[in-house]
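Enquirer: Next up is a structure, given as structure tokens.
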Amino acid sequence: MSAPNSAFDPKQVAALDASAIDAMVADALAAIAMAGDLAAIKEVRLAHAGDRSPLALANREIGALPPAAKAEAGKRMGEARGAIKSALEARTEILELERDERALVEEAVDVTLPVDRAPLGARHPLTTLMERICDVFIAMGYDIAEGPEVESEWVNFDALNVPPDHPARTMQDTFYVGSPESGVVLRTQTSPIQIRAMLERPLPIYVVAPGRVFRTDELDATHTPVFHQVEGLAVDENITMADLKGTLDHFAAEMFGAGIVTRLRPSYFPFTEPSAELDVQCFVCRGASIGNPDSSCRTCGSEGWIEWGGCGMVNPRVLDAVGIDSAKYRGFAFGMGIERTLMFRNGVTDMRDMVEGDIRFSQAFGVES
Amino acid sequence: MRAPVSWLRELVSIPDSESGRDIAERLIRAGLEVETVETLGEGVLGELVVGRVESIEELTDFKKPIRWCQVTVGGATRGIICGARNFSEGDLVAVALPGTVLPGGFTIATRETYGHMSDGMLCSERELGLGEGHDGIIILEPGSALPGNDARPILGVGDEVLDIAVTPDRGYALSMRGLARELAIAYEVPFVDVGRELVELPAPDAERLPAACASDDLEACALFTLRTIIDFDPTKVSPGWMRSRLSACGMRPVSLAVDVTNYVMLETGQPLHAFDLGKIRGAIRAGRPAGGETLETIDHVVRTLSSDDLVISDDRGPIGLAGTMGGLETEIDSTTTSLALEAAHFSAEVVARMARRHKLSSEASRRFERGVDRELAPYASARAASLLLQWGGGHYVGMTAVEAAMSPVIIEMRSSEPSAVAGMEIPEATVIESLGRVGCEVVGGQDPLRVIAPSWRADLTDACDLVEEVVRLIGYDNVPSRLPTAAVGHGLTAAQRMRRRVGVMLAARGGVEVLSYPFVSDAELDALRIPSDDPRRSTVVLANPMSDQLPYLRATLLPGLLTAVRRNAGRGSTSVNLFELGSVYRGAVEGEALRPSVLMRPSEQEWAALNEALPSQPFLVAGVLAGERELDGWWGAARAYDWSDALAAAVSVGEILGITLEVSRGANPSFHPGRCAELVLAGTVVGSAGELHPRVCEALGLVPRTCAWELDLGALMTSAPPVRPAPIVGTQPVAKEDLALIVSDEVSTSAVEQALRQGAGELLESVRLFDVYRGPQVPDGHRSLAFALRFRAPDRTLEAAETAEVRQAAIDCAASTCGAVLR
Ligand SMILES: [Zn+2]
């Protein structure tokens, strides 16, 4: 702060005349405009707005003016200092902005550098496909049933209307656990879960049961001794084949796209009667490839339909074996291979890819197949 | 079952416009699995003509004998080189002329070979794509054609053959007759059943009839017939059309007698067997052997019989496995002049059991297992006898037979049942008409309908079987599609949700899920240093493993994971983080099979016993980490997986389930003894984590310092809190205190941390170890642990004095329980 003049001194009044002040302001503004960075502006502030600046020195002279001139000089001085102050502020702001921008430019990185230090893993596509299937049926009010992989032969065969010497037992090459007479097998299908569901759950029953099953097939491009199936079972009063077809059509549409339907062909399974093979309409060509060599379809082999699984109405003998009144209740059941579904749905060409655990295979699917 | 379309057309009037594919489509709709439709000789282009071999010159200057033949092919005679030796001068043969293309794109050309200009080719079955026959060239029946005739129609070139996979319930479809019946139904054309046509045979010669045949077990052999033919000419061969059909059906022509039995079996579905009567002593009978005898079957295998088998015997003993395979000793041969032709009905179960016991599946056993027409035998054997007499000459002696009484099975079915099952209206008239079309007889006019199934449909036993026939004939395509209203569901179970959550979490942490085979070997378990009394040592063994090397079911997930790690490394992925969720199998499987009745629900005790017979099947989760967790890159140097990554993965599984697993030093023998953690839940060890033992890595060919972890996920899921209580989120200021404690190496960090928590009490919000220091100022055998403590009161700002007091209490507790000294 400038020290006030204690005495009237008419000799120094020249410094307070208008032109002198204007010159000081002009000098200051020019210096401000010239200041190239924040260090320079600091110096300019000291030189033109500091305690020893010409304007500050001139200000000290106001006290020496005659009282009549004091007011005018004070006003002129105030305007001058205000102009310099705002010019300084404006210039400082510009220079600060420039400094910040320069710093951001200097901190720039190459954002195209690889950032895969810890890449995501993946779930097995068979797992996620089974979960997807379960979700479709959960939405329809079904529960998910489970059962042991090492299973009682009675549950895996006898209760499913496959008596000991029935040819259907040799249709499936069974792994026996312990000894061939132990009555314990690696389940050959997910159908034993049907038996467990019917023995352990209250009626009506609506369940799907995904799981791992075992047959003594050598591993090759289309076979594996360990694979997965999903089984569906509904037992209720008045269940019909029409209900089965509707359920499968809905399932197919959820899995492969709206409008995709299924087809049933008569077949044989000991635990269903009537029984049917289940085909799903080709979701790639939707049948357009049939008899049309110009637009052949690799997914369905230009057949228009893809073999998907088996199904039928639960054989009343199976209901008898679990103590469900077959005069009152009927059921339908269906099942399909998960590997097979993944093969045609996602274009897997070799069964071995699904069993070998090569990380490159699963990583292509992430956590959703 | 392979079925030539030309043969089917002979048995049923299929419209001429129908192709093999059309016919296949009809059969598929009827429930027969037509796998392929192939065209015989497909790919044979150009001239294929009949030739007559005029002369044969044997060329002996070459490595193998070669024939230089002069063959007349209508006018011209051509010189042709041939390597086959099964023909003679005067034989009619199939000649591919130069320019003809054979299957596989092989073009016949006039070319110099073995010192002669060969001007065509004499063809074998296989070369023309007609069958597997490659023992020699095709020889046509004498007089069946003239040289120069087109050989295609004679050989069946261009005929289509359906290959049908017959399901166990459709035994009748293992015959041309059965397929023709289905086609007659499908095309709605009349059907004449060759299985009910009794062909006329010469009058029997009662004088020379051999001893009457017998069945000692009328349940297992309900019908047994023997027809006898003598003075048969064994040099006669089967007619060409018969051989062609056998070949087209995938059977090898052998001799007239064998070919005829096979031909009639294919035609009617009745397996037949011809014995050389000259080698038989006494009467032929069907019955049970005593057990322990041996029988050499025609496949030259000596089989030890069981009293559960069913055999055909003469006075000296067994001469054949009933309905399965004949014995070698009584087999017909090139000198056989008297034949005993067996046609019988054997029990499906008995034959199935026998075929399984002897691991012997034959054309005959496949048919008997699936059920042969109970009444067919005499009709089929008459057809066979007639063909044998026609083509082999001989004298018909007659038939002896024995038969059990038959009582028709009546199936009751409400006429509304098909409608109720299909979910559509099917009038009673349609039901009755459909049943009639498949051969059922509906007796009486009442409801429920009383239905007698035809003798060739042993599979029709229950009302539901009849329902299938009705709906099948109406067409499955005509059944409507409608969604049932399912009961209200419960969504995923807690365990199902938790398994998903664990899988997603591990994948998000960089893990890749594998689903490995559960088969393990002793070698793998030894390599993992698992002692015999360890629960991870497999005890559940397979009776028939895929490989003798892998007889066990896993009791730990690690072998499969480590195999996958090794496979990935072999393919160049040396840094991997794999995990698996799956069952393991522990305990023992012993004792006899339990077989509760299937006619009613098993009792609680029976059901419990069935389940108790199973091994325990805990559900585990495990992971293996090998190589580098972070590769070197612009961010810095590589960082290898270490024990702590394995432990972190295991701990995180607990965390995502809302469980804090306690960690202590472990002693799992598969792991590095100094780098193994044990995971404890409520006082029970539920898993291990750490670095694998160096010897394990070496023995299994793993990258050194491979790390692994394994947890009993089932046990964790049982303890997971179903509902998690909310925390109190304090808004008062936090007071932070750091302290360093010098602690003996004997004391674990978690013990010190626990002591700090205990001493600090409720005001302690968190404690975190942030440094471990060894060096000057720290005595040997000790280290300095630096902890950051955060204190907070729920209701007030903590005073400095108060903070100092709890800090001291924490230190005091660490000092008294762990011998810690403030540094
Ligand atoms: Zn398609």
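Enquirer: For chain B, what relative contact order do you get, as a whole percent, if you take Cα pairs closer than 8 Å and at least 6 residues apart?
Expert: Answer for chain B is 8 percent.
Enquirer: Be a star and scan segment A:188-222 for residues whose amide nitrogen sits under 15 Å from the point 7 Å along the Cα-to-Cβ vector of residue B:547.
Expert: A:217-220
Enquirer: Additional query: So what's the angle, to the nearest 10 degrees on a 0 to 90 scale, between helix A:18-34 and the longest Cα principal axis of chain A?
Expert: 30 degrees
Enquirer: May I pose another question? Full extension from residue B:608 to residue B:406: what is 0.36 nm times the residue separation minus their Cα-Cα distance, to one decimal in nm?
Expert: So the chain would gain 68.5 nm between residue B:608 and residue B:406.
Enquirer: Can you give me the solvent accessible area of residue A:70 with a 1.4 Å probe, rounded to the nearest 10 Å²?
Expert: Per-residue accessible area (residue A:70): approximately 80 Å².
Enquirer: Just to verify a number: what accessible area does residue B:697 come out at with the full protein assembly present, 1.4 Å probe, Å² rounded to tens?
Expert: 10 Å²
Enquirer: If the cut-off is 12 Å between C-alpha atoms, which aspartates and glutamates fall inside it for residue B:64, apart from same-chain ones fewer than 8 positions away?
Expert: Once the sequence-local aspartates and glutamates are set aside, nothing remains near residue B:64.
Enquirer: I've got another one for you. No other cysteine beta carbon under 4.7 Å away is the test; run it over chain A and list who passes.
Expert: Here A:134, A:311 come out as lacking a disulfide-compatible partner, given the Cβ-Cβ threshold of under 4.7 Å.
Enquirer: Using a 10 Å cut-off around each Cβ of peptide A:144-154, what is the average number of partner chain Cβ atoms that fall inside?
Expert: What the average comes to for A:144-154 is 6.
Enquirer: Given the -39500 (n - 2.57) contribution per DSSP H run of 4+ residues, what per-residue ellipticity at 222 nm results for the protein assembly as shown, rounded to the nearest 500 deg cm²/dmol?
Expert: -9500 deg cm²/dmol
Enquirer: Still on this structure, please answer the following. What fraction of the DSSP beta bridges in chain B is antiparallel, stated in percent and rounded to the nearest 5?
Expert: DSSP beta bridges in chain B are roughly 95 percent antiparallel.
Enquirer: Additional query: At a 1.4 Å probe radius, which order do B:396, B:114 fall into by accessible area, largest first?
Expert: Highest to lowest solvent-accessible surface, that is B:114, B:396.
Enquirer: Which residues, if any, in segment A:180-197 have at least 20 Å² less accessible area in the whole protein complex than in the isolated chain, probe 1.4 Å?
Expert: By number: A:181, A:182, A:184, A:186, A:196.
Enquirer: Here's a follow-up. Per the 1.4 Å probe, what fraction of the accessible area of segment B:297-447, in percent, lies on carbon and sulfur atoms?
Expert: Taking all protein chains in place, segment B:297-447 shows 50 percent carbon and sulfur surface.
Enquirer: Still on this model: Residues of segment A:337-369 with accessible area at least 30 Å² lower in the all-protein-chain context than alone (1.4 Å probe)?
Expert: A:355, A:356, A:357, A:358, A:359, A:360
Enquirer: Just give the residues from segment B:575-616 buried by at least 50 square angstrom of accessible area in the all-chains context relative to the isolated chain, probe 1.4 Å, and say none if nothing qualifies.
Expert: Hits at the 50 Å² cut-off: B:589, B:595, B:598, B:601, B:607, B:614.
Enquirer: Over both sides of the B-A contact, add up the buried accessible area with a 1.4 Å probe and give it to the nearest 100 Å².
Expert: Using a 1.4 Å probe on protein heavy atoms, the buried area is about 8700 Å².
Enquirer: What does the charge count around residue B:608 come to, taking other residues whose C-beta lies under 14 Å from its C-beta (Lys +1, Arg +1, Asp -1, Glu -1)?
Expert: Once all neighbours under 14 Å are counted, the net charge is -2.
Enquirer: Report the net charge of residues surrounding residue A:336, where surrounding means a beta-carbon distance below 12 angstrom and charges are Lys +1, Arg +1, Asp -1, Glu -1.
Expert: Spelling it out: positives minus negatives among the neighbours equals -3.
Enquirer: A further question on this structure: Can you tell me, using C-alpha contacts under 8 Å and at least 6 residues apart, the relative contact order of chain A as a whole percent?
Expert: Relative CO of chain A lands at 15 percent.
Enquirer: Another question about this same structure. What accessible area, in Å² to the nearest ten, does a 1.4 Å probe give for residue B:107?
Expert: Only protein atoms counted, so the area is about 70 Å².
Enquirer: How large is ³J(HN,Hα), in whole Hz, for each residue of segment B:778-788 in order, when computed from phi with the Karplus curve 6.51 cos²θ - 1.76 cosθ + 1.60 and θ = phi - 60°, using x for Gly and Pro?
Expert: Going residue by residue, I get 10, x, 4, x, 10, 9, 9, 10, 9, 10, 9 Hz, with x marking Gly and Pro.
Enquirer: So what's the angle, to the nearest 10 degrees on a 0 to 90 scale, between helix B:176-187 and the longest Cα principal axis of chain B?
Expert: With both axes taken from Cα atoms, the answer is about 80 degrees.
Enquirer: What fraction of the DSSP beta bridges in segment B:213-403 is antiparallel, stated in percent and rounded to the nearest 5?
Expert: Just about 95 percent of them are antiparallel.
Enquirer: Using a ≥ b ≥ c from the Cα gyration tensor of segment A:125-363 (square roots of the eigenvalues), is it rounded, prolate or oblate, where a/c under 1.5 gives rounded and otherwise the larger of a/b and b/c decides, a/b for prolate?
Expert: Verdict is oblate for segment A:125-363.
Enquirer: May I ask for the distance between the Cα centers of segment B:333-379 and segment B:457-475, given as a whole number of Å?
Expert: 26 Å
Enquirer: Over segment A:14-106, what is the relative contact order in whole percent, taking alpha-carbon pairs under 8 Å and six or more residues apart?
Expert: It comes to 37 percent, rounded to a whole number.
Enquirer: Once you order the gyration tensor axes a ≥ b ≥ c over the Cα atoms, which shape class does segment B:656-738 get: rounded for a/c under 1.5, otherwise prolate or oblate by comparing a/b with b/c?
Expert: Prolate shape, in that a/c is at least 1.5 and a/b is the bigger ratio.
Enquirer: With a 1.4 Å probe and all protein chains kept in place, how do A:268, B:379 rank by accessible area, largest first?
Expert: B:379, A:268
Enquirer: Now, a different point. Indicate the gyration tensor shape class of segment A:253-369 (rounded, prolate or oblate), computed on the Cα atoms with a ≥ b ≥ c the square roots of the eigenvalues: a/c under 1.5 is rounded; otherwise a/b larger than b/c is prolate and the rest oblate.
Expert: Taking the square roots of the gyration eigenvalues as a ≥ b ≥ c, segment A:253-369 is oblate.
Enquirer: Then there's this: How do B:575, B:88 stack up against each other in accessible area, from largest to smallest, with a 1.4 angstrom probe?
Expert: Sorted descending by solvent-accessible area, the residues read B:88, B:575.
Enquirer: Follow-up. Using the Cα centre as the reference, give the magnitude of the dipole from point charges on the C-beta atoms of segment A:14-106 (Lys, Arg: +1; Asp, Glu: -1; all else neutral), rounded to the nearest 20 debye.
Expert: Here the size comes out at about 440 debye.
Enquirer: Next up: List the residues whose amide H sits under 5 Å from the amide H of residue B:628, counting only those 5 or more places along or on another chain, with H placed 1.01 Å from N in the peptide plane.
Expert: Distant-sequence amide H within range of residue B:628: B:575, B:576, B:641.
Enquirer: Would you mind working out the accessible area per residue for the protein assembly as shown, using a 1.4 Å probe, and quoting it in Å²?
Expert: 44 Å²
Enquirer: Additional query: How shielded is B:453-464 by partner chains, expressed as the average number of their Cβ atoms within 10 Å of its Cβ atoms?
Expert: Taking the mean over all residues of the peptide, I get 2.
Enquirer: Keeping the other protein chains in place, figure out the carbon and sulfur percent of the accessible area of segment A:14-106, with a 1.4 Å probe.
Expert: 59 percent
Enquirer: Here's a follow-up. Kindly express, to the nearest 10 degrees and within the range 0 to 90, the angle between helix B:20-29's C-alpha long axis and the longest C-alpha principal axis of chain B.
Expert: 60 degrees
Enquirer: Take peptides A:22-28, A:36-42, B:562-568 and line them up by average Cβ neighbours within 10 Å, highest first, as a rough protection proxy.
Expert: B:562-568, A:22-28, A:36-42
Enquirer: Quick one: net charge of residue B:410's neighbours, Cβ under 15 Å, K/R +1, D/E -1?
Expert: -2
The values are calculated or read from the model by the stated rules, or taken from the named source; none is laboratory data. Computed from a prediction, not measured in an experiment: that's the story for all the values here. Please note: Cβ atoms are built from the backbone with ideal geometry, for glycine as well, and neighbour counts cover all protein chains shown. Keep in mind that these areas ignore ligands, DNA and RNA; they rest on the heavy atoms of the full protein, side chains included. Shrake-Rupley method; radii C 1.70, N 1.55, O 1.52, S 1.80 Å.
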